[in-house]
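Since the structure comes first, as structure tokens, the remarks are kept for the end.
The values are calculated or read from the model by the stated rules, or taken from the named source; none is laboratory data. Fair warning: this is a prediction, and the values are worked out from it, not measured in the lab. Here Cβ is always computed from backbone atoms with ideal geometry, including for glycine, and neighbour counts include all displayed protein chains. Note: accessible area is taken over every heavy atom of the protein model, side chains too, but ligands, DNA and RNA are not part of it. Shrake-Rupley method; radii C 1.70, N 1.55, O 1.52, S 1.80 Å.
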Amino acid sequence: MSYSITDPSPRTKWFAGTLVILYALITLMPLLWIITTGFKSQSEAIAYPPSVLFEPTLEGYVNLFTTQTRVSEADLAANPPETFAEEIAASKGMIIVGPSRFGERFLNSVIIGFGSTFLSVVLGTLAAYAFSRYRVPLKDDLMFFILSTRMMPPIAVAIPIFLMFRTLGLSDTHLGMILLYTAVNLSLSVWLLKGFIDEIPREYEEAALIDGYTRFQAFYKVVLPQAATGIASTAIFCLIFSWNEYAFAVLLTSGNAQTAPPFIPTIIGVGGQDWPAVAAGATIFLVPVMVFTILLRKHLLRGITFGAVRK
Amino acid sequence: MAQIRIENLRKDFGSFTAVQSSSFTIEDGEFFMLLGPSGCGKTTTLRMMAGLELPTSGHIYLDGDDVADRPARQRDIAFVFQMYALYPHMNVRRNISYPLISQGMSRGDVRRKVDEVAGILGIEDILSKPVGGLSGGDRQRVALGRAIVRDPKAFFMDEPLGALDAEFRERMAEELRALHDRMGATTVYVTHDQLEAMQMGDKIVVMNHGVVEQFGVPQDIYDWPATMFVANFIGSPPMNLLEFHGMAGRGTDHVMLGDAKIAVPTLLDGAQGDLALGVRPEHVHLDDDGSYRGRVTATEYLGTTQIVTLSTAHGDVKARIASDKKVEIGEVVGLRFNPSTVSVFDRSTSRAILSDGNKGVLAHG
Ligand SMILES: Nc1ncnc2c1ncn2[C@@H]1O[C@H](COP(=O)(O)OP(=O)(O)OP(=O)(O)O)[C@@H](O)[C@H]1O
Ligand SMILES: [Mg+2]
């Protein structure tokens, strides 16, 4: 029997499979930890050694989404719990007095994350198309300049940005954060998308020009569908950055436009950090990027090669 | 349908001149060939005519209107690209209907028109297929369908058969020509294959290094090349060019190739110095009485004819003769050139000297 590169021997397959599983275990462990902690009770969350099997509770999630206050036995009896969440609160001698700020912060994250992703991709696509197709004076220098904005960590310019935002009244606003994240993402987006658009033969657009379409029609009817793969993968990269961004968010937002990352660690329960609630917040926070990535997965798998194998 | 007139068309890419100063006219309904070696500016010329490239200077008249500065969509021409450029995200039917949709034609009419075109090209059965998996020939037909579907003023084709294999090329070439004859549409066809140009074209323009070398009907270009480049580029094997140093006076009817006196059509112009005598292989005859002599160095059997290569004092000469004639390698034979078919070139300008033979061709070429 002989084995080729494309058809390895069973032993090689076993070995490779084991390695992959091991690697997956190591990388997924923290994720598993977070997800399970979200379903633990406060005492179980800090138990040592950590419990693997436990009775799941939604306490963390209820604490995450609600504001509660401790009341006397009499008051508790006067307000019998009606909903499932109230029952959980009541079991600890609390009643729910309103929603927490988590929903708001999460919504901020969605608005700012997706807003800046949308802007980065739209501007990036237009710029990349122009750089790819038109004779732009000093094209190479401009492309290098765009890249050079990412040669230091964005947070290195935090102080000027902080002052600038204060002067312009952009501090703690959604618009300010969207603009900031767009500015940071744009260089990646232009570079990635230019690579993809360069790969699309000009003849397709030219055929459309001949077929009676304007340059802009040719762009959005012919080039855009061809660039879908590149646009999808660029969008994922942009979203992951702006979704997870922490440092600027801590520095520039507070009451109004604060996103989820700086908010989640500040969830304080009664008598110290409410770890199950923090874990529940982190779990929910993971979901949108995961869903977005899975939705665009088909494109991403092809796109991740950055156009290299596109024929 | 349209007449297309090109006047002093020029295209510079930076400091590089891709097309120098082209002028020629394509009559209504002609199958017109743009012929030349790779990189000579054929595609650039065609793209300027189509509106995909802005000329540096010059004029392009489409039915008398100067369209040089107009965008492609206002010229009403169709273009078949070398690699077809079918829209990859659309199926065959949508590809063909795309030019109609831009005109705002109703859906029913589009459908009818596409079906009609598919019938002409014999591609009814692939209309709902994606273009990705099509064979080369079918892609070609879809590209043609997209071109003919809206009855444009003219068809431009850039090496449309270049991507097909040899056997299929011939069939597609016939189909193309038949399609043209049926529709009578003005067609400009770019190729670097001189045989294809001779076979299919009503008229040919031969280009080299961005310069129009000659323009005319295939027979004239073949018989009376205007320049040494054309003499060498057209025909297989090409025209023999015997280089000599001497004198070709106005009014004379012969030149001296060493000691041999070679009859030529009466020259209407004169030149002296570095000259060349041009004669097609089929006009070279082996004749023991011939005063010009050569030694046979090779023979190539081609069925009814054979190509005999002879070494002479002024370079190699190829003769196309009947294949039943026996020639031995190493044999020294006399050569006779058919006098009324010979051209004389001035090597300093590379141009043919005007003579009784080529005056009709060179006058308008
Ligand atoms: N956009 C461009 N920028 C710079 N030079 C160009 C450009 N397009 C064409 N050229 C140059 O102009 C010359 C003519 O090109 P063109 O494509 O017209 O040649 P062609 O006759 O069609 O050749 P081929 O048979 O290889 O297709 C070539 O030397 C080419 O490198
Ligand atoms: Mg070309």
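On a per residue basis, the convex hull of the C-alpha atoms belonging to the protein assembly as shown measures out at 274 Å³. Take the Cα coordinates of segment B:4-222, assign each an equal point scatterer, and use the Debye formula without solvent to give log10 I(q)/I(0) at q = 0.07, 0.15 Å⁻¹. Scattering profile of segment B:4-222, log10 relative to I(0): -0.21, -0.98. Counting Cβ atoms of other protein chains within 10 Å of each residue's Cβ and taking the mean over peptide B:99-105 gives 3.
Could you give the nm distance between label points at B:Val327 and B:Asp63, where each point is 7 Å from its Cα heading toward the beta carbon? So the two model labels end up 5.4 nm from each other. Considering only Cα atoms, the convex hull volume of segment B:1-107 works out to 138 Å³ per residue.
A P(r) calculated from all alpha carbon pairs of chain B, with 20 Å bins opening at zero, reads 26, 47, 23, 3 percent. Accessible surface of A:Tyr134, taken over heavy atoms with a 1.4 Å probe and every protein chain present, rounds to 100 Å². If you plug the beta carbon distance of B:His254 and B:Thr25 into 1/(1 + (r/R0)^6) with R0 = 56 Å, you get a FRET efficiency near 0.95.
Normalised by residue number, the volume inside the convex hull of the Cα atoms of segment B:102-146 is 82 Å³ per residue. Share of pairwise Cα-Cα distances greater than 14 Å in segment B:321-365 is 67 percent (whole percent). Summed over the residues of the protein assembly as shown and divided among them, the accessible surface reaches 49 Å² per residue at a probe radius of 1.4 Å.
Taking 0.36 nm per residue of sequence separation and removing the Cα-Cα distance, the A:Leu53/A:Tyr220 pair yields an extension gain of 54.7 nm. Scanning chain B for trypsin sites (Lys or Arg not before Pro) in DSSP loops with at most 16 other Cβ atoms within 10 Å, what's the longest stretch left with none? That would be B:1-249.
Ranking A:Phe241, A:Gln258, B:Gly132 by Cα position along the charge dipole of the protein assembly as shown, where only Lys, Arg, Asp and Glu carry charges on their C-beta atoms, puts A:Gln258 farthest toward the positive end.
Mean partner shielding of peptide B:81-90, defined as the number of other chain Cβ atoms within 10 Å of each residue Cβ, is 5. Carbon and sulfur atoms: what percent of the 1.4 Å accessible area of the protein assembly as shown do they account for? Roughly 59 percent, rounded to a whole number.
The sum of -39500 (n - 2.57) across all DSSP H runs of n ≥ 4, divided by the residue count of chain B, sets its helix-only mean residue ellipticity at 222 nm to -7000 deg cm²/dmol. Placing pseudo-labels 7 Å out from each Cα toward the beta carbon at A:Arg202 and A:Leu76 gives an inter-label distance of 7.7 nm. Around B:Ala118, under 10 Å between beta carbons, what's the net of Lys plus Arg minus Asp minus Glu among the other residues? Counting the neighbours of B:Ala118, the net charge comes to -1.
Here the ratio of the Cα radius of gyration of segment B:193-352 to 2.2 N^0.38 Å is 1.05. Residue ranking by accessible heavy-atom surface, 1.4 Å probe, largest first, among B:Ile126, A:Ile96, A:Ile111 comes out as A:Ile111, A:Ile96, B:Ile126. Put the Cα centre of segment B:310-359 next to the Cα centre of segment A:182-258 and the gap is 65 Å. Here segment A:54-118 was treated as a single set of alpha-carbon atoms; its pair distances binned every 5 Å from 0 give 4, 16, 22, 16, 13, 10, 8, 6, 4, 1, 0 percent.
Toward the positive end of the charge dipole of the protein assembly as shown, with +1 on the Cβ of Lys and Arg and -1 on the Cβ of Asp and Glu, the farthest Cα among B:Tyr98, A:Ser43, B:Ser21 is that of A:Ser43. Scalar couplings 3J(HN,Hα) for segment B:58-68, obtained by applying the Karplus form with A = 6.51, B = -1.76, C = 1.60 to θ = phi - 60°, are x, 10, 10, 9, 10, 6, x, 8, 7, 10, 3 Hz; x denotes Gly and Pro.
Accessible area per residue was computed with a 1.4 Å probe on protein heavy atoms; B:Glu27 scores about 80 Å². In whole percents, the pair-distance distribution calculated for segment A:215-257 from its alpha-carbon pairs, binned every 10 Å from zero, is 24, 29, 21, 20, 5. When only the Cβ of Lys, Arg, Asp and Glu is charged (+1, +1, -1, -1), the dipole of segment B:238-356 relative to its Cα centre reaches about 120 debye.
Within the P(r) computed for segment A:1-109, what percentage of the Cα pairs occupies the region above 22 Å? Every Cα pair in segment A:1-109 considered, those over 22 Å come to 58 percent. Our helix-only sum for chain A, with -39,500 (n - 2.57) per DSSP H run of n ≥ 4 divided by its residues, gives a mean residue ellipticity at 222 nm of -20000 deg cm²/dmol. Averaged over the residues of peptide A:211-218, the number of Cβ atoms from other protein chains lying within 10 Å of each residue's Cβ is 6. What you get for the protein assembly as shown, charging only the Cβ of Lys and Arg (+1) and of Asp and Glu (-1), is a dipole of about 1240 debye around the Cα centre. Evaluated at q = 0.08 Å⁻¹, the base-10 log of the normalised Debye intensity for chain A, with identical point scatterers placed on the Cα atoms, takes the values -0.55. In sequence order, segment A:236-243 has phi-based couplings of 4, 4, 5, 5, 4, 5, 6, 5 Hz under the Karplus curve 6.51 cos²θ - 1.76 cosθ + 1.60, θ = phi - 60°, and Gly or Pro positions carry x. With the simple spin-label model, which puts each label point 7 Å out from Cα in the Cβ direction, the A:Leu32 to A:Val250 separation comes to 3.0 nm. Total buried accessible area between B and A, probe 1.4 Å, nearest 100: 1600 Å². Sorting B:His180, B:His192, B:His285 on solvent-accessible area from highest to lowest, probe radius 1.4 Å, gives B:His192, B:His285, B:His180. When you filter the trypsin sites (Lys or Arg not before Pro) in segment A:117-150 for DSSP loop state and at most 14 other Cβ atoms inside 10 Å of their Cβ, you are left with A:Arg135, A:Arg150. With semi-axes defined as the square roots of five times the eigenvalues of the C-alpha gyration tensor, the equivalent ellipsoid of segment A:76-204 measures 47, 20, 11 Å, largest first. Rolling a 1.4 Å probe across all protein chains gives B:Ser135 an accessible area of roughly 60 Å². The 1.4 Å probe gives accessible areas that order B:Glu328, B:Glu7, largest first, as B:Glu328, B:Glu7. Set Lys and Arg Cβ to +1 and Asp and Glu Cβ to -1, take the dipole of segment B:238-356 about its Cα centre, and tell me which of B:Gly258, B:Ser311, B:Phe345 lies farthest positive. Among B:Gly258, B:Ser311, B:Phe345, the one farthest towards the positive end of the dipole of segment B:238-356 is B:Phe345.
The charge dipole of segment B:51-143, taken about the Cα centre with unit charges on the Cβ atoms of Lys, Arg (+1) and Asp, Glu (-1), comes to about 480 debye, rounded to the nearest 20. With the biggest extent put first, the Cα atoms of segment A:111-175 measure 39, 25, 20 Å across the principal axes.
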